[in-house]
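Structure first, then comments.
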There are 2 protein chains.
Amino acid sequence: MKIDFKSAVQRLQNCDDVLILTHANPDGDTLGGAFALLQGLRQRGKRAKMHTDAPIPPRYAFLAAGCAEDCFDEAYIISVDVADKKLLGGKTQALYGDRVDLSIDHHGTNRMFAKETYVESDSASASEVVYLLLCALGVVITKPIADCLYTGCATDTGCFRYSNVTARTHRIASELISCGADHAQINTLMFETKKPGFLRLEQQVLSGMELYADGRICVLTITRTMLDDADCGDEDIDELVALSRQMEGVRIGATFKERPDGSYKLSLRTHEDVDASAICAVFGGGGHARAAGCSFSEDRDTALQRLLPVLRSFLKEGTAR
Amino acid sequence: MKIDFKSAVQRLQNCDDVLILTHANPDGDTLGGAFALLQGLRQRGKRAKMHTDAPIPPRYAFLAAGCAEDCFDEAYIISVDVADKKLLGGKTQALYGDRVDLSIDHHGTNRMFAKETYVESDSASASEVVYLLLCALGVVITKPIADCLYTGCATDTGCFRYSNVTARTHRIASELISCGADHAQINTLMFETKKPGFLRLEQQVLSGMELYADGRICVLTITRTMLDDADCGDEDIDELVALSRQMEGVRIGATFKERPDGSYKLSLRTHEDVDASAICAVFGGGGHARAAGCSFSEDRDTALQRLLPVLRSFLKEGTAR
């Protein structure tokens, strides 16, 4: 059931012994929002702990600074930035998928898997939503909380580049910096530090670039071999996914990333005349208007043959959103 | 002579028949700040016109939208984002270099070439300074003015990535978006549109990357031939200059760009422990703590042999700023 902002604040006021969940393959927003929420709840005198489906990638380890682990039986479960219970990850879904009490999210495509859902689909990040909730709860935004929330706001917007940014996003970033967020350090870590192998990966991926529909569709493919050769992980490829949409004339950028089991994750990035989330919905996925994703279990070429006609039809319709 | 904010506002209140100058090889900040100032002065009932040393690059043409040309004898000359009269460009310097009444700037290295200088060296962009001046003048920030100022704020900060960003920068960006700045469109144009030739250029420049001082110094070189082959201009290389600092472990990124006359422009980008502006001052240049520039009239290898010992000494000192 969808609930409004006031009800969400009430739930956070009244809950205790809280378990907080992120989505699998966690990014800066799900982790930043979750660690900020954890610290905010503790500041309000509650017990709170985190669970992620797999260990937190090293590049996001700083978000956990100052969040000591805790051990207790959870009485209330909150997910942050999770649009669908299957996105919790296999083990987490099995354990908690049907037991989430409150989903705090910013995906218009949220599947309402939780008992109650507070979703702001116009929000650029889940961290932006968490910030507003924490402020309403009377939480003091300490430097560690500000660092977490700034990371979420920055990473989900390509550092304030994307069209999901609003005046509110910048206002919140301003307030977080005033509260001590070390934006310069965080931006260096998140956006300005390229592994030596990354350039090799980028070169390899770009040399395999495919263009369709008179250059309006750009397809990139990242195989496990490429990732392994470059010593890069899934958390290093955001920039390549962003690149798929950046070539002059491209309206749809589609990046296939091979998963360890041989299936493919498709990340779709579009410009303002094409609805990425509607395209991914055709294949059982979802996301946002300009950034969405879905999965293919077949090999890449077969998947591409299924994908291309759909992309072409959306180009024609120009489904604005 | 340096003047304070209040005096700068008074000068803008009292001036008329204003000529506004930008620096040569104009970027989003000098042009955005100048076109915003022009519109603001006109809104206050004054005559104002622009002069640039060379035609405005096509990618910035949108900033001039709604700014009709005007013809009159100038009675007051203002430069925006110009730290030194020689940066006005050869023809402009000859015409106006010793006649600038007011320099509005954000470079701590401003050479005080104008009769009066209002410089905020802590400001991320000159456009941020112009915004505050226009607000103090009572100018209504219209959509075209907001577009100009947002462009300046975004381009001089790598879209809010760099360490020059402050809480104020984000607050102003928020207000500009509220005033109608089309941030999504501007960001797409400025940061998300790569010419087909750009990837070729990037690949060529990266394949010539040189690392020194155990990988702490990264040197990139962009020749005229590379630019011509890729059909790219000087305005397309900001991203490569930024890249010079992004390799893991690099503290100083130095990019040599060959000028049409065979001399070299050096663009320096550093991390927080190295003062770029102090290094460039050694060679007669200047700029900011993390981003600065200077010129070399000799060939690149000779220039590099002069530059490297200075870079190494600054690495050792770790001149923080």
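The values are calculated or read from the model by the stated rules, or taken from the named source; none is laboratory data. Not measured: the values here are computed from a predicted model. Positions of Cβ are backbone-derived with ideal geometry, glycine not excepted, and every protein chain shown enters the neighbour counts. For accessibility, only protein heavy atoms count, side chains too; no ligands or nucleic acids. Shrake-Rupley method; radii C 1.70, N 1.55, O 1.52, S 1.80 Å.
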Can you return the lysines within cross-link range of B:Lys194? Criterion is Cα-Cα under 18 Å, with same-chain partners fewer than 8 residues away left out. none
I'd like the accessible area for A:Asp156: 1.4 Å probe, protein heavy atoms, all chains in place, Å² to the nearest 10. 40
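Of the listed pairs A:Lys257/B:Lys143; A:Lys49/A:Lys86; B:Lys6/B:Lys49, which have alpha-carbon separations greater than 29 Å here? Display every interim value, and only then the final one.
Working: A:Lys257/B:Lys143 41 Å; A:Lys49/A:Lys86 21 Å; B:Lys6/B:Lys49 24 Å.
Pairs exceeding 29 Å: A:Lys257/B:Lys143.
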Packing-based ranking, highest mean first, of B:181-191, A:19-29 given that Cβ atoms within 10 Å are counted: A:19-29, B:181-191
Isolated Cys in chain A, by beta carbon distance under 4.7 Å: A:Cys15, A:Cys67, A:Cys71, A:Cys135, A:Cys148, A:Cys153, A:Cys159, A:Cys179, A:Cys218, A:Cys232
Of B:Gly89, B:Gly138, B:Gly253, the one that fluctuates the most in a GNM where chain B has Cα springs shorter than 10 Å: B:Gly138
How much accessible area does B:Tyr162 have with a 1.4 Å probe, in Å² rounded to the nearest 10? 50
What's the carbon and sulfur percent of the range B:1-103's accessible surface, probe 1.4 angstrom, rounded to a whole number? 51
Between the range B:35-67 and the range B:1-25, the alpha-carbon center distance in angstrom: 15
How far apart, in nm, are two points set 7 Å out from the Cα along the Cα-to-Cβ line at A:Ala54 and at B:Ala75? 7.0
At the level of C-alpha centres, the distance separating the range A:250-321 and the range A:184-217, in angstrom, is 18
If unit charges are put on Cβ atoms (+1 for Lys and Arg, -1 for Asp and Glu) and the dipole of the range B:206-321 is taken about its Cα centre, the option from B:Ala289, B:Ser267, B:Ile222 lying farthest towards the positive end turns out to be B:Ala289
Using a label position 7 Å from Cα in the Cα→Cβ direction, what is the ascending list of nm distances from B:Gly180 to the same site in the other copies? 4.2
Computed [θ] at 222 nm, helices only, for the protein assembly as shown once each DSSP H run of length n ≥ 4 contributes -39500 (n - 2.57): -12000 deg cm²/dmol
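Over chain A, calculate the relative contact order: mean separation of alpha carbon pairs under 8 Å at least 6 apart, over the residue count, as a percent. Write down the numbers at each step before the final one.
Details: 626 pairs, mean separation 41.1, N = 321.
About 13 percent, as a whole number.
Going by the alpha-carbon gyration tensor, a ≥ b ≥ c the square roots of its eigenvalues, is chain B rounded (a/c under 1.5) or, if a/c is not under 1.5, prolate (a/b greater than b/c) versus oblate? Let's see the in-between values first.
Details: a/c = 1.69, a/b = 1.58, b/c = 1.07.
Prolate shape, in that a/c is at least 1.5 and a/b is the bigger ratio.
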Please compute how much accessible surface disappears when A pairs with B, both sides summed, using a 1.4 Å probe, and round it to the nearest 100 Å². 3300
Which of rounded, prolate, oblate describes the range A:138-253, given a ≥ b ≥ c as roots of the alpha-carbon gyration tensor eigenvalues and a/c under 1.5 marking rounded, otherwise prolate only if a/b is larger than b/c? oblate
Cα→Cβ-extended label distance, 7 Å offset, between A:Ala213 and A:Glu239, nm: 2.8
How well do other chains shield peptide B:191-203, expressed as the mean number of their Cβ atoms within 10 Å of each residue Cβ? 5
Rounded accessible area of B:Glu258 (nearest 10 Å², 1.4 Å probe): 40
Copies of A:Ser121 compared via label points 7 Å along Cα→Cβ give distances in nm, shortest first, of 5.1
Just want the answer: with Cβ charges of +1 for Lys and Arg and -1 for Asp and Glu, which residue in B:Gly90, B:Leu308, B:Gln43 is farthest toward the dipole's positive end in chain B? B:Gln43
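Hey, got the dipole for the range A:5-191? About the Cα centre, +1 on K and R Cβ, -1 on D and E Cβ, debye to the nearest 20? List each step's numbers first, then the result.
On the way: 18 positive and 22 negative charges, 29 e Å.
In total the dipole reaches around 140 debye.
Under a Cβ-only charge scheme (Lys and Arg +1, Asp and Glu -1), can you give me the dipole magnitude of the range A:196-317 about the Cα centre, in debye to the nearest 20? Each step should come with its number before you reach the end.
Numbers: 14 positive and 21 negative charges, 89 e Å.
I would put it at about 420 debye.
If you take the square roots of the eigenvalues of the alpha-carbon gyration tensor of the protein assembly as shown and sort them as a ≥ b ≥ c, do you get rounded (a/c under 1.5), prolate (a/b over b/c) or oblate? Could the numbers behind the result be given before it?
Details: a/c = 1.74, a/b = 1.48, b/c = 1.17.
Prolate, because a/c is 1.5 or more and a/b exceeds b/c.
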Cut-off under 19 Å on the C-alpha distance; same-chain residues fewer than 8 positions from B:Lys46 excluded. Which aspartates and glutamates are left, in chain and number order? B:Asp16, B:Asp17, B:Glu69, B:Asp70, B:Asp73, B:Glu74, B:Asp101
Note the distances from A:Ala136 to each other copy's matching label point, with points 7 Å along the Cα-to-beta-carbon direction, in nm, sorted shortest first. 3.9
Pick from B:Ala276, B:Ala94, B:Ala173: which residue has the top mean-square fluctuation in a GNM of chain B where Cα pairs under 10 Å get a spring? B:Ala94
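Summarise the partner chain shielding of A:148-161 as one whole number: the mean count of Cβ atoms from other chains within 10 Å of each residue's Cβ.
Details: counts 0, 0, 0, 0, 0, 1, 2, 0, 0, 3, 5, 8, 10, 12.
For peptide A:148-161, the averaged partner shielding equals 3.
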Using Cα atoms only, what is the angle between the long axis of helix A:5-14 and the major principal axis of chain A, expressed in degrees (0 to 90) to the nearest 10? 50
To the nearest 0.05, how large is the calculated FRET efficiency for A:Arg224 and B:Glu298 if R₀ is 56 Å and r is the Cβ-Cβ distance? 0.70
On a straight-distance basis, which aspartates and glutamates could pair with A:Lys316 in a cross-link, Cα separation under 16 angstrom, same-chain partners fewer than 8 positions away excluded? A:Asp214, A:Glu272, A:Asp273, A:Asp275
Mind putting a number on the dipole of the range B:191-235 about its Cα centre? Charges go on the C-beta only, +1 for Lys and Arg and -1 for Asp and Glu, and I need it in Debye to the nearest 20. 80
Against the longest alpha carbon principal axis of chain B, how many degrees, from 0 to 90 and to the nearest 10, is the axis of helix B:143-155 turned? 20
Under a 10 Å cutoff between Cα atoms, tell me which one of A:Phe72, A:Phe296, A:Phe198 has the largest fluctuation in the Gaussian network model of chain A. A:Phe72
Mind checking the angle between helix A:300-317 and chain A's longest principal axis? C-alpha axes, 0 to 90 degrees, to the nearest 10. 90
Can you give me the Cα centroid spacing of the range A:80-125 and the range B:88-166 in angstrom? 45
Return one whole number: the accessible area per residue of chain B in Å², for a 1.4 Å probe. 39
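Considering only protein heavy atoms and a probe of 1.4 Å, how much of the accessible area of the range B:196-317 is carbon and sulfur, as a whole percent? Mind showing how you got there, number by number?
Values: 2280 of 4840 Å².
Looking at the range B:196-317 in its full context, I get 47 percent from C and S.
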